[in-house]
Amino acid sequence: MPTETFEFQVEARQLLQLMIHSVYSNKDVFLRELVSNASDALDKLRLAALREHVPDADVSDPHIEIETDPDARTLTVRDNGIGMSYDEVGQLIGTIANSGTASFLQELREAQDAAGAEGLIGQFGVGFYSGFMVADEMTLVTRRAGEGRGTRWTSRGEGTYTLERVEDVPQGTAVTLHLKPADPDNQLHDYTSAWKIREIVKRYSDFITWPIRLVTPPAEAATADRDAPAREDAPAEPETLNSMKALWARPREEVSDGEYNELYKHLGHDWRDPLETIRLQAEGTFEYQALLFMPAHAPHDLFTQGARRGLHLYVKRVLIMEDCDALLPSYLRFVKGVVDAQDLSLNVSREILQQDRHIRMMRRRLTKKVLSAVKDMMAKAPERYATLWREFGPVLKEGLVTDSENRDALLAVASFATTHGDGEPVTLKGYAERMKDGQEDIYYLTGESRQSVENSPHMEAFRDRGIEVLLLTDPVDEVWVDAVGEYEGRRLRSVAKGEIDLGARPEEPLGGEREKQAEEYAGLLGWLAERLADDVKEVRLSSRLTVSPACVVSDAHDLTPALESMYRAMGQEVPAAKRILELNPGHVLVKGLNQAFRDGEDRARLTGTAELLYGLAVLAEGGRPKDPAQFVKLVAERLERAL
Ligand code: ADP
């Protein structure tokens, strides 16, 4: 069978370069990654055997084996798990199947400090490649359970790797690292030393539920009699390194934070510590234990459909399902962890899981537990809460729409950017407490970016009067504000919708003055409404503008343009809602237009001005004029005349 040579994908090659010129301060973690992969492979074999019959699969004595050879300077991590087919090796190991990788590499190059870079890599699960931090060559020999032939993959971590089919390969995967030359000044990093391996496994992988055995050459094992000649023929002595104890089943006092963190890293494919660890012990007729983690950083695929989600479901310490997404609602999809039930059918399929009474019971309880942990965090650890909300607020807010049962709990922990002085995010409670005398509603504005929202003409009168407005810029904001509608009896109102009457400012025309103004403008407004009838349903004088000449607003119950395009993107038919054009009678442009209209100015010329005014209003809220070319032509014409 010929050996084929392949080029790494560009991205994979870049990652490898990063690995080789290691950005990690702590190289020991490569072993954790390989052990973690081996453990996953054993889980997968067990789950496959549980669900379908895998002919010729060997499921006896599943284990992980680490073998060192100081003379050859090699380290091998071996498992008898699911293994990989020839094609799978090419796919899984030869490429980085991740669409976000390019942008990740960009971020990585920009990351200032090593810690930042380390964190970033963690998000992208480049576990296997981390071997190149300590090895100048890696070999992987694998045979997929149930298949006859195996595959050998080798690479020096440079531009290429080779693939070759091989016979007589045991089931599972063996990864051999040809370690870089030993550093005589740093014996601490000799990965062929038995005590070093023991120490790393104990530190990072103690909880792994499969035995991790160390196989050392006889000379190393017999440290007591170092001088004895190595007996070439003596069998290697395996030694189990990990305790295999389930952390969630051990009493809290017995487990260190470090141990919890390592479990999280394994489950979450993350290199960083979690933000929060949550334990739950449910007693009574239906017993279960849960250990949940909130990550400190949003993964890149948080909004990717079909990404891996969910908790690991165990029944009496045995993993029966990875990524079980029925255990938490979708808006808590960032939570990682395990649930171990005493008494659950082992043959639950994903399809019936959602219906299962016990699963539903656990889901309710776990949801409440997570939300109360968020509430506690908010009260006791504001900085951690701020991190959580920054990373996962956009996801948690989905719950405001989908989970009416927990809506109040979610509203209590939600916080928002605001126009208020210090720029700190504010809760609805905080907002309500500092509302102005006489203010009844909670005001917000949705939009694409904080800047565009803050500078929107809709804000002007609010800014002028010092009324606080929440700045909502996540896509989900458009939806939840409508679904929720009010907070403790106060309406949530968009400053870009409906009529806004904030009462007169001292310098503003009052009562009679206003009526007079309305009379003066009646002709222009009527004429404009006719001219712009294709786009707007009404033209009126504004009480929300102080600086801008015009703005467009929606009726209180109309969809906003953003929501409209969101529905369209989801393939839903929605009629285009006509907007309302509001003019600022205090603005020179508007005054001049009215004067010209009343003076009987040429209507064709006025039409151009009317279209310009409308176009400006659309631009100011972040939209685009219906006919950009025509708009530009009009602007250019006017500029030319002004020269
Ligand atoms: P991750 O483990 O984060 O997915 P890796 O680069 O470490 O990333 O591994 C890529 C993929 O290669 C794994 O998801 C798995 O499918 C496969 N793989 C790695 N190691 C093994 C192994 N020991 N046995 C079977 N498959 C493996």
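The values are calculated or read from the model by the stated rules, or taken from the named source; none is laboratory data. Values in this document were obtained by computation on a predicted structure and should not be read as measured data. Please note: Cβ atoms are built from the backbone with ideal geometry, for glycine as well, and neighbour counts cover all protein chains shown.
Is there a residue in the stretch 309-329 that is of a type in the set (Gly, Ala, Ser) and more than 30 Å from VAL476 (Cβ to Cβ)? Step through it out loud before you land on a result.
In the first step, residues of the stretch 309-329 are kept if they are of a type in the set (Gly, Ala, Ser); the result is 310, 326.
Right, trim to more than 30 Å from VAL476 (Cβ to Cβ) and you get none.
Within the stretch 309-329, not a single residue is of a type in the set (Gly, Ala, Ser) and more than 30 Å from VAL476 (Cβ to Cβ).
Mind checking whether some residue in the stretch 169-179 is among the β-branched types (Val, Ile, Thr), modelled with pLDDT of 70 or more, away from the ligand (no atom under 15 Å from the Cβ) and surrounded by fewer than 21 Cβ atoms within 10 Å (Cβ to Cβ)?
Applying the first criterion (among the β-branched types (Val, Ile, Thr)) to the stretch 169-179 yields 169, 173, 175-176.
Next, from what is left, pick out any that are modelled with pLDDT of 70 or more: 169, 173, 175-176.
Now drop any that are not away from the ligand (no atom under 15 Å from the Cβ), which leaves none.
No, the stretch 169-179 contains no residue that is among the β-branched types (Val, Ile, Thr), modelled with pLDDT of 70 or more, away from the ligand (no atom under 15 Å from the Cβ) and surrounded by fewer than 21 Cβ atoms within 10 Å (Cβ to Cβ).
Looking at the stretch 127-178 only, could you name the residues that are touching a residue at least 60 places away in the same chain (Cβ under 8 Å), in contact with a Phe, Trp or Tyr (Cβ under 8 Å, 6 or more places away or on another chain) and β-branched (Val, Ile, Thr)?
Those that are touching a residue at least 60 places away in the same chain (Cβ under 8 Å), in contact with a Phe, Trp or Tyr (Cβ under 8 Å, 6 or more places away or on another chain) and β-branched (Val, Ile, Thr): VAL134, THR151, THR160, THR162, VAL175.
Provide a single number: the residues in the stretch 134-146 that are away from the ligand (no atom under 13 Å from the Cβ) and either among the acidic types (Asp, Glu) or part of a loop (DSSP other than H, G, I, E, B) (or both).
Of the residues in that region, 4 qualify.
With respect to LEU179, determine if the residue is touching a Pro at 6+ places or on another chain (Cβ under 8 Å) and assigned by TED's automatic domain parsing to the domain that holds ILE20. Quick ask: steps written out before the conclusion?
Values: touching a Pro at 6+ places or on another chain (Cβ under 8 Å): no; assigned by TED's automatic domain parsing to the domain that holds ILE20: yes.
Taking the combined requirement at face value, the residue does not satisfy it.
Please tell me if LYS44 is assigned to a loop (DSSP other than H, G, I, E, B), modelled with pLDDT of 75 or more and either within 27 Å of LEU302 (Cβ to Cβ) or in contact with a His (Cβ under 8 Å, 6 or more places away or on another chain) (or both). If you could, list the steps in order and put the result at the bottom.
Values: assigned to a loop (DSSP other than H, G, I, E, B): no; modelled with pLDDT of 75 or more: yes; either within 27 Å of LEU302 (Cβ to Cβ) or in contact with a His (Cβ under 8 Å, 6 or more places away or on another chain) (or both): yes.
For LYS44, the condition - assigned to a loop (DSSP other than H, G, I, E, B), modelled with pLDDT of 75 or more and either within 27 Å of LEU302 (Cβ to Cβ) or in contact with a His (Cβ under 8 Å, 6 or more places away or on another chain) (or both) - is not met.
Go through the stretch 62-82 and report how many residues are touching a Lys or Arg at 6+ places or on another chain (Cβ under 6 Å) and among the acidic types (Asp, Glu).
Qualifying residue count for the region: 1.
Take the stretch 47-69 and flag every residue that is acidic (Asp, Glu) and either without any contact (Cβ under 8 Å) to a residue 60 or more places away in the chain or in a loop (DSSP other than H, G, I, E, B) (or both). Give the derivation first.
As a first pass, look at the stretch 47-69 and keep what is acidic (Asp, Glu): 52, 56, 58, 61, 65, 67, 69.
Correct list: GLU52, ASP56, ASP58, ASP61.
Just for strands (runs of 3 or more DSSP E) wholly inside the stretch 255-348: which have at least 3 residues that are at pLDDT below 90?
Those strands (runs of 3 or more DSSP E) span 318-324.
Going through ARG13, ARG73 one at a time, which residue ends up being surrounded by fewer than 21 Cβ atoms within 10 Å (Cβ to Cβ) and either within 12 Å of the ligand (Cβ to nearest atom) or within 20 Å of TYR191 (Cβ to Cβ) (or both)? Steps first, answer last, please.
On the way: ARG13 fails: either within 12 Å of the ligand (Cβ to nearest atom) or within 20 Å of TYR191 (Cβ to Cβ) (or both).
None of the others qualify; the one that does is ARG73.
Residues of the stretch 604-630 being more than 19 Å from HIS587 (Cβ to Cβ), in contact (Cβ under 8 Å) with a residue 12 or more places away in the chain and not polar (S, T, N, Q), which ones?
Answer for the stretch 604-630, where residues must be more than 19 Å from HIS587 (Cβ to Cβ), in contact (Cβ under 8 Å) with a residue 12 or more places away in the chain and not polar (S, T, N, Q): GLY622, GLY623, LYS626.
Which is at pLDDT below 90 and either under 33 Å from the mean Cα position of the chain (by Cα) or not assigned by TED's automatic domain parsing to the domain that holds ARG450 (or both), of ALA617, ALA596, ALA576, ALA629? Before the answer, list the steps.
Values: ALA617 fails: at pLDDT below 90; ALA596 fails: at pLDDT below 90; ALA629 fails: at pLDDT below 90.
Only one candidate qualifies: ALA576.
Residues GLY122, GLY127: which one is modelled with pLDDT under 75, within 13 Å of the ligand (Cβ to nearest atom) and within 36 Å of the chain's Cα centre (by Cα)?
From the options GLY122, GLY127, the qualifying one is GLY122.
The rows are residues; the columns are (1) closer than 16 Å to LEU292 by Cα; (2) assigned by TED's automatic domain parsing to the domain that holds ALA49; (3) touching a residue at least 12 places away in the same chain (Cβ under 8 Å).
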{"site": "TYR314", "(1), (2), (3)": "yes, no, yes"}
{"site": "LEU327", "(1), (2), (3)": "yes, no, yes"}
{"site": "SER330", "(1), (2), (3)": "yes, no, yes"}
{"site": "ASP343", "(1), (2), (3)": "no, no, yes"}
{"site": "ILE352", "(1), (2), (3)": "no, no, no"}
{"site": "ARG357", "(1), (2), (3)": "no, no, no"}
{"site": "MET362", "(1), (2), (3)": "yes, no, yes"}
{"site": "LEU366", "(1), (2), (3)": "yes, no, yes"}
{"site": "ARG407", "(1), (2), (3)": "no, no, yes"}
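I want to confirm something. Restricting to the stretch 461-489 and keeping residues that are touching a helix residue (DSSP H, G or I) at 6+ places or on another chain (Cβ under 6 Å) and assigned to a strand (DSSP E or B), which single residue is nearest to THR446 (Cα to Cα)?
Looking at the filtered set, the residue picked out is LEU471.
Within the stretch 352-442, which helices (runs of 4 or more DSSP H) (wholly inside it) include 2 or more residues that are in contact with a Lys or Arg (Cβ under 8 Å, 6 or more places away or on another chain)?
Details: elements: 357-380, 382-396, 398-402, 407-413, 428-433.
So the answer is 398-402, 407-413.
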